[in-house]
Amino acid sequence: MAAPFLLEIGVEELPARFVPEALDQLRVKMSEWLEAQGLAHGALQVYGTPRRLTLYAADLAERQEDREFQVRGPSLKAAKGPDGRWTKAAEGFARSQGVAVDDLVERGTPQGVYVYALKREAGLRTPELLAGYIPELVLGLSFPKTMRWGTGDVRFARPIRWLVALYGEEIVPAEVAGVKTGRTSRGHRTLHPGQVEIPRAEAYVDVLDAAFVMVDVARRKEVIVDQVRRAAAEIGGQAVIDEELLEEVVHLVEWPTAFAGAFDRDFLQVPPEVIMLTMKENQRYFPVVDGDGGLIPGFVGVRNGGDHRLDVVRAGNEKVLRARLADAKFFYDEDRKIAPIRAMERLRHIVFQEGAGTMYDKVERVRRVGLELADRLGLAPREVETMEAAGRILKFDLATHMVYEFPELEGVMGRYYALEAGEGPEAAEAILEHHRPRFPGDELPGSPAGTVLAVADKADTLCASFYAGIRPTGSEDPYGLRRNALGLLQILRYLEIPITLGEIFDLAEAALRASGFQDGGTWRADLDSFVTTRLRTWLLEEGRRHDLVDAILHRADEPLAVLIGRVRFYEGLADEGHPGLYETAEAAKRVHNLAKKGEGLAGEPDPGRFQDDAERALHEASRLARRELQAARAAGDEKRALDAVGHLNRAVHPFFDRVMVLVEDEEIRENRLRLLRDVADVYNLLLDWRQVVLP
C-alpha cells in the first residue's frame, strides 16, 4: 500500500541564496532515483526555510515490483554434448545462477543459439531502499560554499543538526554526519524553541505550522507580499517590491511579520536610487513611494518572528537605517564638492586591467573610438558635441565615495553629479546611458551620443581585456566579458546600428595601438571567435535553427541586424518548405564537395581552356550571379539574392551531367577545379550551404 515519504534536513541557518537551488536539486535527484528504482509515486514537493530543506513524495509505492529477467550462459554447443546431455559447463552455469539445469532454456541470437537461466527477483521494500539512499541524497547536494564542523570530514553548507525521515508513520533508519534519522524536528528558534514530533509524514506541514514554521515557500511568499503591501498602506504609500529582494527575504525567515518604519525627511535630499539601494543591500527593506512614484520617508521590513514588542523592533531598525542614510548623505555631500574634471585626474591612479592601462587611459580610448563611430554613423554636429562633452568626464564617478560604496550606481551617480556641476542634461544622460544594457532585457541607450559611447566602451573593454590575456573560462567570468559582449550585441541588433562587429573592433584595436600598446599575438582572432560564439548561443537560446545560424554566421561581415534578419528570412523559407532553398543547398553542396579538391590552386579559371558549352555556361552564370547577388545585397533584398543564386543552380546541374572534372589532363582538371572554386565562392556570398541540413 502506498504511503508518503518525508525527508527533512535540519541545519543551522543557511544563506538565503543557497536554499532555492538546494531544493531544486532535492526534487531532481529524488525524481531520477525513484525512476531508476522503478518506484511509482505521486507529486514530489519541496519545502524550505533557513533551517531546513525538506522533500515530500506523495503516494510512494510500498515496494518495488518483482522483476523477471534472463541471464545468458554458454552456447548450446558447449552446453550439450553429442548425446544431448547437459555438459559440466551447463551444470556449472545453472549452479551459479541458483536454478536447476533442466530449467535452462534455449534462445536464438545473432551469434547463434545460447542457453539462458530464467530468474525472478523479488522487489525490495521502499523503506529499505530509502535507508540506503538517504546519505547519498543528502551529501550529494552541492552548494556555492561548504564547511566542515566538529571532528568529522563531512562537508555541507551548514552543520546538520537533525534529520527526519518517515515513510508514512515508519521511521526510515539512516545516518548522515553522525546524525541519525527520527521523527523529531525543531520549531521556530524563538517562538517555539523546543523539539516537535512528526507523527506521520502527511502531518508535517501542519505540525510545523503550529510550531511557527511556515515551510511552504509559495505560501510564505504570498504572506510576505500581502503583509508588506498592507504595512506600506498604513503609512500612506505603496511598497516597491523588488523580485530579487523578495526572493531573498522569503528565504531569510520562517515566520514572517512585516512592519513599517520611518526615517528623517531630510534624507530625501539624497538621490532616491541611493536610498533604495541602501535599504535593499544593507537592510533588506522594501522602499515605499507615493501615488506619483516619489519616495516617501518610510520603509517596510520583515521580521522573522511574531508581532510581540514590534515597537522595539521598529525603533531598532529605524536607528540602523538612520546611520546608513547618514553615511550616504555624507558621501553625497562630499562628492559634490569635487568637480568632475578634477575627479577625472584620480582615474590616472585607478587600474582598468593589468596590462591594459588605467581608467583614464580607457576613457581616452573610448573618446577616440566614439568620435570615429560618430563620423561613420553620420551623427549630427549637436550629437557629436554632446558625445564629446560626456566623453570628457565619462567615468569620473568611479573616483567618488558613493560609487566606491555602491558600484551598482556607476553611471547613475555620474548623471546626478554632472548635472550638479552644470553639465548639459544631454551629456549627463549619455554618461548614464553608456552603461546600458547592464543585463539581458535591460533598457538600451536612448540617445545617439549615449549609444555611440556605449558601443565604444563595450568594444574597448573586450579588446583591452583580450589583449591583456583575460579570457572567460568555463563558468568563470570575473570581469563580466560575456555580459559585456551580449550588451554590445543587443545594442547593435535592436538599434540596428549599420556597422559590423569587425569594423567596431578594428576601431577599438586602433585606439589601443595609438595609446602605445603593441600587437599581442592571437588575441584579436580569439576575441572574434568569442563574440561570434556568444551571438550563436544567444540565437540558439531564442530557438533559431542551428544549421541556418551556422550557415549565416560563417562570415559575419555585415551589420548584426542584417545577419539576424537573414536568419529569420531563411527560417521562414524552411518552415514553408520553399523548394528553391533546398535545391540551392543541394547544388551548392555538390559544388563544394568537388571544389575542395582544388584548394590551394592559384589564379582564375581560363575560359580559353573550356572544352564544353556547359563549362562556358557555368562560368558566365557565375559571373552574372555574383553581380546580381552583390546588387541584391546592397539593396537589402534577400529574396532577390536567393533568386540570383537560383539562376546559377540551372547551370550547375548540366555541368555535372556533361563534364568530367577529374580528368587525367592536369591543366584541364585544374582549370575546372578553379571554375568550381569560383562557383563555390559565389554560393558562399549568400551563406555556407554546407551547414544547411537537408530534409
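What follows is calculated from the coordinates using simple rules that are stated; it is not laboratory data. Given the structure is predicted, the values throughout are model-derived calculations rather than measurements. Cβ placement follows ideal geometry from the backbone for every residue including glycine, while neighbour counts extend to all protein chains displayed.
Defining a contact as two alpha carbons under 8 Å apart and six or more residues distant in sequence, what relative contact order in percent does region 67-121 show? Please list the in-between numbers first.
Values: 82 pairs, mean separation 25.8, N = 55.
Worked out over region 67-121, it gives 47 percent.
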Practice task
Within region 545-625, report the GluC sites (Glu not before Pro) that DSSP leaves as loop and that have at most 11 other Cβ atoms within 10 Å.
Solution key: GLU576, GLU599
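Where in region 26-87 are there GluC sites (Glu not before Pro) that are in a DSSP coil and have at most 14 other Cβ atoms within 10 angstrom of their Cβ? If you can, show how the numbers build up before the last one.
Numbers: sites: GLU32, GLU35, GLU62, GLU65, GLU68; in loops: GLU62, GLU65.
The qualifying sites are GLU65.
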Completion exercise
So, with points 7 Å from each Cα along the Cβ direction, the LYS319-GLN70 label distance in nm works out to 8.1 nm
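Which loop-located GluC sites (Glu not before Pro) does region 340-369 contain, where loop means any DSSP state but H, G, I, E or B and the Cβ has at most 10 other Cβ atoms within 10 Å? Could you put the intermediate results ahead of the total?
Details: sites: GLU345, GLU354, GLU364; in loops: GLU354.
Listed in order of number, the matching sites are GLU354.
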Exercise for the section: Based on a Kirkwood Rh over C-alpha pairs, give the Stokes-Einstein translational diffusion coefficient of region 107-225 at 20 °C and viscosity 1.002 mPa s in µm²/s. Expected result: 120 µm²/s
Practice task
Note down the relative contact order for the chain as a percent, whole number, built from C-alpha pairs under 8 angstrom at least six residues apart.
Solution key: 7 percent
Handout entry: Relative contact order of region 341-543, pairs being alpha-carbon contacts under 8 Å that are 6 or more residues apart, as %
Key = 21 percent
Fill in the blank from the handout: The long-range amide H neighbours of THR358, using H built 1.01 Å from N in the peptide plane and a cut-off of under 5 Å, are PHE352
Problem - Two-site FRET efficiency, ASP681 against ARG471, from Cβ-Cβ distance with R₀ of 41 Å, rounded to 0.05 - result: 0.80
Handout entry: Sum of -39500 (n - 2.57) over DSSP H runs of 4+, divided by residues of the chain (222 nm, nearest 500)
Key = -16000 deg cm²/dmol
Fill in the blank from the handout: Amide H neighbours of LEU60 at under 5 Å, excluding residues fewer than 5 places away on the same chain, with H built from the backbone geometry, are ALA3, PHE5, GLY42
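Take the eigenvalues of the Cα gyration tensor for region 341-543, scale each by 5, and report the square roots as semi-axes in whole Å, largest first. It would help to have the intermediate numbers written out before the result.
Numbers: eigenvalues 122, 75, 60 Å².
So the three semi-axes of region 341-543 are 25, 19, 17 Å.
Report D for region 80-130 in µm² per second (integer): Stokes-Einstein, Kirkwood Rh on Cα pairs, 20 °C, 1.002 mPa s.
My calculation gives 165 µm²/s for D.
Once you have the Kirkwood Rh of region 564-691 from its Cα pairs, apply Stokes-Einstein at 4 °C and 1.567 mPa s and quote D in µm²/s. Walk me through the numbers before you get to the answer.
Numbers: Rh = 15.0 Å.
Translational D for this selection: 86 µm²/s.
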Practice task
Evaluate the Kirkwood expression for the hydrodynamic radius of the chain, namely the inverse of the mean inverse distance over all pairs of different C-alpha atoms, and round to one decimal in Å.
Solution key: 32.3 Å
Fill in the blank from the handout: Taking a crude spin-label model, label points 7 Å out from Cα along the C-beta direction, the ARG95 to GLN611 distance in nm is 7.9 nm
Handout entry: Spin-label pair SER515/VAL105, simplified geometry with 7 Å Cα→Cβ offset, distance in nm
Key = 7.8 nm
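For the pairs LYS29/LYS180; LYS329/LYS395; LYS280/LYS458; LYS395/LYS458, note any where the Cα-Cα span goes beyond 19 Å.
Numbers: LYS29/LYS180 21 Å; LYS329/LYS395 21 Å; LYS280/LYS458 28 Å; LYS395/LYS458 13 Å.
Beyond 19 Å between Cα atoms: LYS29/LYS180; LYS329/LYS395; LYS280/LYS458.
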